Amino acid sequence: MHEYLVQVRLKRGMILSDVLRVHTEQFGHGAAWLNLPVLSRLESGKVENPQFRTVVGVAHAYGVSLDDLARFYLPVN
């Protein structure tokens, strides 16, 4: 998933702080659960199994669907 997130972000001309801004604008500073260290670890592949809540926030912040991200966690046939 981490390579996909980087590709999406770069394709949209965003930096990590832009992704975080999208997230905090949606949920507010008090309710936002993503932060720059979390986004950085996700994009670097250091988080192997993020919580569902994190995946939902990432999907929204990067402007992708949960289906787009689910393919990274579903078994390959």
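So which of LEU74, LEU5 is surrounded by 13 or more Cβ atoms within 10 Å (Cβ to Cβ) and not β-branched (Val, Ile, Thr)?
Values: LEU74 fails: surrounded by 13 or more Cβ atoms within 10 Å (Cβ to Cβ).
Going through LEU74, LEU5 in turn, the sole match is LEU5.
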Original post:
Within the set of pairs 6 or more residues apart or between chains, which connect a residue that is closer than 15 Å to TRP33 by Cβ inside segment 52-77 to a residue that is exposed (fewer than 12 other Cβ atoms within 10 Å of the Cβ) with Cβ atoms less than 8 Å apart?
Top reply: ALA59/SER65
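Filter segment 8-18 for residues that are assigned to a helix (DSSP H, G or I) and out of contact with any Phe, Trp or Tyr (no Cβ under 8 Å at 6 or more places or on another chain); which is surrounded by the most Cβ atoms within 10 Å (Cβ to Cβ)? Break it down stepwise before answering.
Filtering segment 8-18 for residues assigned to a helix (DSSP H, G or I) gives 8-11, 16-18.
Narrowing further to those that are out of contact with any Phe, Trp or Tyr (no Cβ under 8 Å at 6 or more places or on another chain): 10-11, 16-18.
Details: LEU10: 10, LYS11: 8, LEU16: 19, SER17: 9, ASP18: 13.
That would be LEU16.
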**OP:** Report yes if some residue within segment 21-44 is touching a residue at least 24 places away in the same chain (Cβ under 8 Å) and of a type in the set (Val, Ile, Thr); otherwise report no.
**Re:** yes
**OP:** From ARG21, ARG53, grab the single residue that is surrounded by 11 or more Cβ atoms within 10 Å (Cβ to Cβ), charged (D, E, K, R) and part of a helix (DSSP H, G or I).
**Re:** ARG21
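For segment 24-40, what are the residues that are assigned to a helix (DSSP H, G or I) and either within 14 Å of HIS60 (Cα to Cα) or of a type in the set (D, E, K, R) (or both)?
Applying the first criterion (assigned to a helix (DSSP H, G or I)) to segment 24-40 yields 24-27, 36-40.
Scanning segment 24-40 gives THR24, GLU25, GLN26, PHE27, LEU39.
Read-outs throughout are calculated quantities, based only on the coordinates presented, and are distinct from any laboratory measurement. Just so you know, these numbers come straight off a predicted model, no measurement behind them. With ideal geometry, Cβ positions are generated from the backbone for all residues, glycine too; neighbour counts draw on all protein chains shown.
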